[in-house]
Each structure stands twice: as structure tokens, then as C-alpha cells.
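Structure record follows, encoded as C-alpha cells.
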């Protein structure tokens, strides 16, 4: 079976899928519900009835402009009888899952698709125990590993920088501090950057686990996720005076000048409150510091898509990013020692 490059291959797939009533992925066009992603669970079930349908859909997400050989970059290929793509240039045979989050997984893609649908259709997220019960996994560890693999696909490396007006502050996440202030307790310091839109509402958010409270890594984090020239509002902490060195316009509002400390940085305070509520309600506070950055990624993914009414679009985006995410073996997820299984479970 031939596999023409670029538009020809996409056109052939369009003919084959539309002939049997299956969806067509829009590639670089804005995705449309009912055409590019399922809008309801009923549509989801009707679209992905077998492995072939899942693999063809994933292929369109991975190669929206046509097949590209991962070895030589050629766009010419043949389809083998076993469903592999064989490069006409170098002869390399590859599968649609090779080099993706699903690389060497022995579980059918249809089960992965079901897991992604379940994770993204739950507005407040799902615990490992909940995923285990929903999909009937034989072990808690399998569900835990799957969720952590998916969390690594929830943040795009090349995502857009925050811009406009951004509020920057630090909060603390963890258990009780026994009367100590956040910075003196064992709570985890979380740096929060959130856009303040012209309407007064909050835009996108970025979160980061800091090594120590009120340190320079807050400024370094800002330089990584906020566009130069952005106006940044802070509570006037001394460390933020270095923001101007990175091309930002710094607008400090010292907390001691305000009657209501929460009103100084309302955006980060609201995000902090929602984060704590999410970890308490969905994960019951059971988060190890080792894995906390990936839980922050999941919260960011959900917060930045909180206004989306199309849950299927979240399924589309996460699957799209999973196709562009390197595989993460279990040894990497648990730090290579297996000792992390002794920590409290995230459910």
C-alpha cells in the first residue's frame, strides 16, 4: 500500500475515513467538534471502535502534514501489511506509536484513548484509584504510572509566554504548619505567575516548585515563562527588584501599604486557593515533593482550559501532545529505585 507524502496522504485518508463515516482530523486548522474530535462519549465510542481507527487518528495528530521519517526526514513511505510505515528513502519501518508516550506499550491504543477521555472529561481531575476502578486495571501502580505519563504530556515545551499584565507571587502547599509562617514551615513553596486581562479576569497561569522560599529562582522562573517587556505586579519583596534586569516593567505594591493582604496579589491568591482545594478534593493532599511539579502541570493544563465547554477538545489536545512526548519508562517515573511506592498513594 502506498503512502503519499503531505496533502496527498491526508487526502487519501480523508477519502477512506469519510467513506465509512469516521472523522477527519483538521491538521493545522482550528479543530472543530464532531469533525476533528468527539463531542460526547457516544461519539467517542462510535469513532474509536477498534485499533485501526485509533492508529489512523493518532497518525493524523502526529503527522498532520503527512508522514515524516524520524530517521532521514523523508516524506515518501509505504504502508506494510502489519500497519507499519516504511520510509521509501532509507527503508526504516516505524509505527505510529514509536517515540511517543505510547512507545512499546503492550496495552491497546483503544485503552489509552479511553484513559485520556476519562482523565480529560473529569473537570476536577481523577486520582489513580479512580482511574484504576474506571478502567479495571489489575493494580494501583499501573493506574498511577499511566497518570504520571499523561501529566508529562500536559505542558507543551514551546508554549506561548505570558504577556500583558502579569501578577507574580509565591504561595505554600502542604500539610499543617503548626503555627509557623509558610516560609518557615516544611510546606512546598510554589511560585505563581498569572495574567490579568483588561476585563479584570484571570488569563493563563504558570506554576513552579521553588527550591527555597523567596529566592532568586522566582525571577529566573519569570524570565522563562513571561515575555520581555511585560508589566509584572508583585508584593514588593526585595528579590523582585531584579525583574527589571530581565527587561520587565516592575510594579510593586508592598503588602504593608494595603489593608487587605490578599488584595495585593488577588490573582495568585485565588490560584493558590484553587490549587489547595484541588489537591485536597481530588488527591486528598497525598502528593510527594518528588512528583509535585507534574501535579502542578496538570493543574495548569486544567486551569488554562477552565472555560472550555468542549471536553472533547481537551481529549484532542492531550492526545496531540502525547503524540509529541517522549516515552517515560516506569523506572524514570519512580526515580529508578522503586522506593516511591512506599509513599502515601495519590488517592
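The values are calculated or read from the model by the stated rules, or taken from the named source; none is laboratory data. Since the structure is predicted, the reported quantities are computational estimates derived from the model, not experimental observations. Cβ sites come from the backbone with ideal geometry, for glycine too, and all protein chains shown count toward neighbours.
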Tell me which residues, restricted to segment 109-130, are under 24 Å from residue 313 (Cα atoms) and modelled with pLDDT under 95. 121, 122, 123, 124, 125, 126, 127, 128, 130
Residue 117: surrounded by 21 or more Cβ atoms within 10 Å (Cβ to Cβ), more than 30 Å from residue 251 (Cα to Cα) and without any contact (Cβ under 8 Å) to a residue 40 or more places away in the chain, yes or no? no
What number of residues within segment 97-119 satisfy the criterion of being part of a loop (DSSP other than H, G, I, E, B) and within 16 Å of residue 328 (Cβ to Cβ)? 11
Please go through segment 80-96 and give me each residue that is in contact with a helix residue (DSSP H, G or I) (Cβ under 7 Å, 6 or more places away or on another chain) and either under 18 Å from residue 326 (Cβ atoms) or not in a loop (DSSP other than H, G, I, E, B) (or both), ordered by number. 96
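Matching residues to (1) in the same structural domain as residue 326 (by TED's automatic domain parsing); (2) closer than 26 Å to residue 328 by Cβ; (3) surrounded by 19 or more Cβ atoms within 10 Å (Cβ to Cβ):
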{"position": "41", "(1), (2), (3)": "no, no, no"}
{"position": "45", "(1), (2), (3)": "no, no, no"}
{"position": "53", "(1), (2), (3)": "no, yes, yes"}
{"position": "68", "(1), (2), (3)": "no, yes, no"}
{"position": "71", "(1), (2), (3)": "no, yes, no"}
{"position": "76", "(1), (2), (3)": "no, no, no"}
{"position": "85", "(1), (2), (3)": "no, yes, yes"}
{"position": "92", "(1), (2), (3)": "no, yes, no"}
Residues located in segment 53-79, provided they are under 26 Å from residue 89 (Cβ atoms) and in a helix (DSSP H, G or I): 55, 56, 57, 58, 59, 60, 61, 62
Qualifying positions in segment 25-34 - farther than 16 Å from residue 309 by Cα and modelled with pLDDT of 50 or more: 25, 29
Among strands (runs of 3 or more DSSP E) completely within segment 140-252, the ones holding 3 or more residues that are crowded, with 16+ Cβ neighbours inside 10 Å, under 24 Å from the mean Cα position of the chain (by Cα) and not assigned by TED's automatic domain parsing to the domain that holds residue 322 are 165-173, 188-196, 202-209
